[in-house]
Ligand code: NDP
């Protein structure tokens with residue numbers, strides 16, 4: 001069997017197009033959603049992400065402002081910028097690009113963000129609301145995974161879902177979202193015993209580990225839906241300056257067993273920025289008492 005490819009790139013483009021329409025409608029009512037992205041230091045991958053976020057926010061008709069600060073920025077100065085953005089009514093979403101340079105306390109920075117503007121969904125208030133079933137700003141990557149799963153499978157009730165990885169950014173919120181969708185959820189991690197057997201029990205398998213091609217075909221239940229969150233760069237081939245990007249799943253082998261699978265690149269990745277824009281629109285609407293259709 002060859003799995004259906006879940007095309008995150010196309011899915012994300014469609015979501016961004018819907019958001020652009022919604023933003024145009026809001027702008028007609030005098031509300032232009034505003035996103036502020038804070039980038040500290042010169043990390044090349046972060047610079048690429050931040051440029052993509054700015055470009056896609058602008059394409060969707062939002063106001064996007066990047067605050068680029070030097071790597072030696074003091075914690076107090078960073079916190080002062082966040083307080084300014086918290087108080088600015090035209091800024092509806094604040095995102096501090098992680099990781100921060102050494103010497104800066106990411107947890108303190110996340111705590112300083114107004115939870116109503118925390119479009120990364122990392123503030124404990126948002127994490128707690130998500131776990132309690134209260135409306136929350138949900139981390140973008142798991143949100144994007146859920147959209148693709150619902151699109152592919154419809155009702156997820158009763159499905160056995162296994163999430164490999166338990167980070168605050170990905171694994172934990174993913175598990176909460178699957179639980180809220182009535183899945184029976186197992187969260188696996190580096191101490192899990194017999195991980196291949198745990199994975200083989202999954203109707204829905206979400207891999208968020210950060211280990212290239214760790215999950216082989218024999219870890220996958222035939223027909224399962226596989227969402228590969230991992231983004232891993234392999235060492236460059238001789239003569240190439242950059243290595244290939246691969247996921248946590250051995251895609252070529254897994255696609256012969258799975259029912260549906262996301263590729264890397266072009267699967268989960270593009271959904272993350274689209275969901276960031278969606279969270280910004282959500283935050284802008286909530287701040288102005290507007291309910292979304
Ligand atoms: P973290 O490093 O924070 O978490 C990795 C998790 O994987 C941990 O819970 C860890 O377990 C678990 N793990 C590590 N090794 C093993 C192993 N051998 N067996 C089982 N579990 C293991 O990573 P993130 O959650 O931030 O990201 C995971 C991956 O997803 C990365 O490749 C990252 O680049 C990618 N990513 C992609 C995004 C996108 O937009 N597509 C967005 C965010 C992340 P333990 O807790 O026990 O240490």
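The values are calculated or read from the model by the stated rules, or taken from the named source; none is laboratory data. In this text the structure is predicted, and so the values were computed from the model without any measurement. As a convention, Cβ positions derive from the backbone with ideal geometry for all residues, glycine included, and neighbour counts pool all protein chains shown.
Tell me which residues, restricted to segment 87-112, are closer than 30 Å to residue 31 by Cβ and in a loop (DSSP other than H, G, I, E, B).
Keep residues of segment 87-112 that are closer than 30 Å to residue 31 by Cβ, which gives 87-98, 109-112.
Selection gives 88, 89, 90, 91, 92, 97, 98.
Scan segment 152-162 and give yes if some residue there is within 16 Å of the ligand (Cβ to nearest atom), surrounded by fewer than 24 Cβ atoms within 10 Å (Cβ to Cβ) and farther than 17 Å from residue 267 by Cα, otherwise no.
There is no residue in segment 152-162 that is within 16 Å of the ligand (Cβ to nearest atom), surrounded by fewer than 24 Cβ atoms within 10 Å (Cβ to Cβ) and farther than 17 Å from residue 267 by Cα.
Give me a count of the residues in segment 57-68 that are surrounded by 15 or more Cβ atoms within 10 Å (Cβ to Cβ) and part of a strand (DSSP E or B).
So the count comes out to 5.
Rundown of residues vs (1) more than 21 Å from the chain's Cα centre (by Cα); (2) over 25 Å from residue 105 (Cα atoms); (3) assigned by TED's automatic domain parsing to the domain that holds residue 95; (4) surrounded by fewer than 18 Cβ atoms within 10 Å (Cβ to Cβ), yes/no style:
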site: 3; (1), (2), (3), (4): yes, yes, no, no
site: 15; (1), (2), (3), (4): no, yes, no, no
site: 34; (1), (2), (3), (4): no, yes, yes, no
site: 43; (1), (2), (3), (4): no, no, yes, yes
site: 51; (1), (2), (3), (4): no, no, yes, yes
site: 55; (1), (2), (3), (4): no, yes, yes, yes
site: 70; (1), (2), (3), (4): yes, no, yes, yes
site: 74; (1), (2), (3), (4): yes, no, yes, yes
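Which condition breaks for residue 182 when tested against (1) at positive phi; (2) surrounded by 15 or more Cβ atoms within 10 Å (Cβ to Cβ)?
(2)
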